[in-house]
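Written below as structure tokens is the structure these notes are about.
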Amino acid sequence: MRRRAKGTARHRRSLSAVVALTAAGLVLTGCTAAGKAGESDSGGDAKGGTVKVGLVYSRTGLLADYGKQYRDGFMAGLDHATKGTREVAGHRIEVTEQDDAGDPGKAVSAAKNLIGKGYKVLAGTTDSGVALQMAPLAAQNKVLYISGPAATDAVTGINDYTFRSGRQSYQDILTAGTMLGEAKGKKVTVLAQDSTFGQANVAAVKAVLGSRGAKVGSVLAPPSATDLTPFARQVKAGGPDLVFVAWAGSTAPALWTALDQQGVLEAGKVVTGLAGTASYPVFGDAGSKVSFLAHYFPGAGGGNAVEKSMIDSVTKAGGTPDLFTPDGFTAAQMVVRAIEKGGATDTAAMVKALEGWSFDGVKGKEQVRAQDHALVQPMFVAKLKGTGAGARPELVSTAPMDEVAPPAKPSAG
């Protein structure tokens, strides 16, 4: 094998829990990696055996709604990719579910237990902190790991054994950039809280849009602030071409009301991330005036055959397709591909089978980039129509996968 160069279906239990997840999730995190995909030390690959797949995800905890979306999508994707047989290349696929509750320690413990029982394929992870603990474990034990909705950019290129089945933060920001047009000389204001999360969003927008010539500034409010009118006025006074809002917490409804009342939403383009269905009522009357960068919402794929298969399967099983359902569906497609072309026991061959693979996904044409295992995929721009429980997203435009592809980041080992 070649060496590479070094280099939520139901409402939240509380409003706070809902709006904490409405921002795009653009925290940039560093991590070291270990491991090169080498020859598998397992035995033969006789047909007729069972391939055991460990699904480690948030069945409980703060991200349980997102975890359910992922799990529902995975099962639907498995049925789609195997034409309902749960078999590929003569191998029966057996899925074992493990709850990490959003806790990296629990995830690692579950993964170690599965690896100890001979599992060669692991998938899952709703939380970025969990993914950053799981990836090195996969490399150390030479097992295939397909990360799920975890958006941290640090997962991409972390090692040869780790892939991702969802989008990453860089793709979110590039999607926002498509709404700016030519970035050079344009003024971008990041509106966020003065917290680690908010500061990380400022840094990320500067890194992506600033490098393209935009003048990126920020308006940061104390996390404890409840009167947000002064900050809305400050944003408007700056006259930005684009306002990027990254906001977490129970004050989100107050923020959007303030922005609307102060005329910010009419003065220029205001962009934020579109989260799951449970978050739509947060925006109130302001929702129809905001542009949303979107990873996915039902219908965003234009009703292509794969998207229709996912929606029909999940609905038939009693679930509701939502933001992260495609991440699970895609992970299952990748698992089936790895086994079909790489075999049931040779992890190195599984890795090779996925690298560079182009396929028809829920969102459209997608590709696993060989250099760093990024999932290059279309992204979407949406508007909200209606308010309250009746609010629904409507597709405005689709950003082609190459236009929002993150920079290549070859695996360090």
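The table that follows gives values for the structure above.
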read-out	value
Volume per residue of the C-alpha convex hull in the chain, rounded to whole Å³	120
32 Å Cα-Cα threshold exceeded, pairs from K365/K409; K184/K365; K316/K363; K186/K352; K184/K308; K308/K341	K186/K352; K184/K308
Residue-count net charge about T156 - beta-carbon cut-off 9 Å; Lys, Arg +1, Asp, Glu -1	+1
Assigned charges on the beta-carbon of Lys, Arg, Asp, Glu; the chain dipole about Cα centre (debye)	460
Net charge over other residues, Cβ less than 15 angstrom from the Cβ of G299 (K, R count +1; D, E count -1)	+1
Computed accessible area, R392, all protein chains, 1.4 angstrom probe, square angstrom	120
Helical mean residue ellipticity (222 nm; -39500 (n - 2.57) per DSSP H run of 4+; nearest 500) of the chain	-10000 deg cm²/dmol
Whichever aspartates and glutamates have a C-alpha closer than 16 Å to that of K106, once near sequence neighbours (fewer than 8 apart) are set aside	E97, D127
With every protein chain in place, the chain: carbon and sulfur % of accessible area (1.4 Å)	50
Antiparallel content of DSSP bridges confined to the range 190-326, in %, to 5	0
Cα gyration tensor shape of the range 309-413, rounded if a/c is under 1.5, else prolate or oblate by comparing a/b with b/c	oblate
Lysines whose Cα lies under 17 Å from that of K289, excluding same-chain neighbours fewer than 8 positions away	K236, K269, K383, K385
Antiparallel content of DSSP bridges confined to the chain, in %, to 5	35
Total formal charge among the other residues, if their Cβ is under 15 angstrom from that of S128, Lys/Arg +1 and Asp/Glu -1	-4
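The values are calculated or read from the model by the stated rules, or taken from the named source; none is laboratory data. From a predicted model like this one, the values you see are computed outputs, not experimental measurements. For neighbour counting, all protein chains shown are included, and Cβ atoms are generated from backbone atoms with ideal geometry for every residue, glycine included. When the accessible area is computed, the model is the full protein with side chains, heavy atoms only, and any ligands, DNA or RNA have been set aside. Shrake-Rupley method; radii C 1.70, N 1.55, O 1.52, S 1.80 Å.
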